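Structure first, then comments.
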Amino acid sequence: MIRDNGRVRTDAEDPGLPPSRDWVEEAIRRIEADANRSADTHLHVFPLPPEWGVDLYLKDESVHPTGSLKHRLARSLFLYGLCNGRITEASTIVDASSGSTAVSEAYFARLLGLPFVAVMPSTTSPEKIALIEAQGGRPHLVDDPRTIVAEAQRLAAEGDGFFLDQFTFAERAMDWRGNNNIAESIFSQMALERHPVPAWIVIGAGTGGTSATIGRYVRYARHSTRICVVVAEDSVFYAAWTGDSSAFSGLPSRIEGIGRQRMEPSFLPEVVDRMIRVPDAASIATMRLVTERTGRSVGGSTGTNVWGSLQLLAGMVARGERGSVVTLICDGGDRYAGTYYDDGWVAAQGLDLAPFGRALEAFLEDGVLPDVP
């Protein structure tokens with residue numbers, strides 16, 4: 001006999017697997033096949049004078065099928081929901097997002113033939129909204145970004161949907177011990193470099209899932225690598241990390257994806273060795289520098305990552321240390337043509353990029369990153 005949702009059925013009624021189990025197996029096959037086709041992402045060298053003895057690497061997550069680091073997270077969340085019996089062929093998928101995760105979730109929902117609703121701040125870039133719609137998702141915009149999780153919960157409950165809840169389940173859905181996760185990939189790709197074990201890996205914090213995955217992995221693999229989390233100026237994470245509540249402005253973040261307004265359950269501060277708060281103007285200036293120096297158009301959170309990485313490298317140069325730093329290209333710059341790459345938008349935000357641009361040029365000249373008042 002087969003027990004199906006609490007009802008016992010005889011073998012005569014259903015001699016095979018329950019239909020829902022067949023559907024789940026096919027759904028998992030499709031997701032795993034997609035991962036197999038996608039292969040791995042590239043690790044690029046950022047140009048620095050070799051005589052400094054320090055190297056910077058950018059792992060390019062923008063080459064995923066949905067164009068961002070969040071492709072890994074969305075894949076893991078869907079597998080987690082499927083293997084826990086929470087996603088079925090009748091599910092409407094709902095999640096709260098600042099945009100990039102929703103693009104990836106819409107992709108996987110369409111892959112499985114499921115409807116998807118993305119609850120996002122109304123300030124989400126039009127480019128991201130268009131990408132979600134192109135994948136068949138339905139954006140649901142709210143004016144107060146602090147309410148996106150509660151609104152997603154409400155929509156899922158009222159519509160008999162399934163709330164993916166990336167901010168809670170990111171750290172447990174992602175396999176931190178290996179299985180070609182992002183951490184294992186980084187160390188494999190670094191194996192033949194002159195400093196193969198990075199002194200630092202620098203990561204932005206949105207859900208906290210990536211810092212949790214990499215932080216756990218370096219301890220599990222017994223690497224000496226330290227984890228630095230970089231956050232936008234209006235993120236609550238820095239205030240919580242330092243214990244200084246006055247460091248949190250309460251304002252919505254201009255840097256999409258990493259400026260959280262609440263401490264998320266997936267963020268594990270115990271695996272973080274250092275945190276750097278990066279001014280928004282520094283993030284955008286650095287984003288533009290990366291695009292100029294590498295020819296790769298990148299987004300604002302990549303600028304945050306690289307500014308924090310350059311701070312660490314400047315300290316290493318000053319102390320005469322040798323070693324490597326690895327950070328991430330989170331997504332491409334095409335999603336921000338009307339914001340971070342638009343001088344009019346930058347000016348309207350009251351941001352002055354020039355002092356940070358001069359500081360970046362000074363670093364590239366002599367390895368010193370001046371303080372910007």
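Of everything in segment 166-193, what is in contact with a strand residue (DSSP E or B) (Cβ under 7 Å, 6 or more places away or on another chain) and open to solvent by 20 Å² or more (accessible area, probe 1.4 Å)? Give them in sequence order.
Across segment 166-193, the qualifying residues are Gln189, Glu193.
Would you mind telling me which numbered condition in (1) more than 30 Å from Glu171 (Cα to Cα); (2) in contact (Cβ under 8 Å) with a residue 40 or more places away in the chain; (3) open to solvent by less than 60 Å² (accessible area, probe 1.4 Å); (4) touching a helix residue (DSSP H, G or I) at 6+ places or on another chain (Cβ under 9 Å) Pro370 fails?
So the condition that Pro370 fails would be (2).
For segment 163-184, which residues satisfy the criterion of being at pLDDT below 95 and more than 16 Å from the chain's Cα centre (by Cα)?
Passing the criteria: Arg177, Gly178, Asn179, Asn180, Glu184.
Could you figure out which of (1) outside any helix (DSSP H, G or I); (2) under 25 Å from Pro196 (Cα atoms); (3) open to solvent by less than 30 Å² (accessible area, probe 1.4 Å) isn't true of Tyr340?
The number of the failed condition is (2).
For segment 264-299, name all the residues that are assigned to a loop (DSSP other than H, G, I, E, B) and aliphatic (A, V, I, L, M). Show your work before the answer.
To start, the set of residues in segment 264-299 that are assigned to a loop (DSSP other than H, G, I, E, B) comprises 264-268, 272-273, 279, 295-297, 299.
Answer for segment 264-299, where residues must be assigned to a loop (DSSP other than H, G, I, E, B) and aliphatic (A, V, I, L, M): Leu268, Val272.
How many residues are over 20 Å from the mean Cα position of the chain (by Cα), among the hydrophobic types (A, V, I, L, M, F, W, C) and open to solvent by less than 40 Å² (accessible area, probe 1.4 Å) when one looks only at segment 125-161?
3
Being closer than 23 Å to Gly295 by Cα and either surrounded by fewer than 14 Cβ atoms within 10 Å (Cβ to Cβ) or not charged (D, E, K, R) (or both) narrows it down to one residue among Ser98, Ser68, Ser20, Ser122; which is it? Spell out the reasoning first.
Working: Ser98 fails: closer than 23 Å to Gly295 by Cα; Ser20 fails: closer than 23 Å to Gly295 by Cα; Ser122 fails: closer than 23 Å to Gly295 by Cα.
Going through Ser98, Ser68, Ser20, Ser122 in turn, just one is closer than 23 Å to Gly295 by Cα and either surrounded by fewer than 14 Cβ atoms within 10 Å (Cβ to Cβ) or not charged (D, E, K, R) (or both): Ser68.
The values are calculated or read from the model by the stated rules, or taken from the named source; none is laboratory data. Quick caveat: nothing in here was measured; it's all calculated off a predicted structure. Note that each Cβ is placed from the backbone with ideal geometry, even for glycine, and that neighbours are counted across all protein chains shown. Just so you know, the surface numbers come from the protein's heavy atoms only, side chains and all, with ligands and any DNA or RNA stripped out. Shrake-Rupley method; radii C 1.70, N 1.55, O 1.52, S 1.80 Å.
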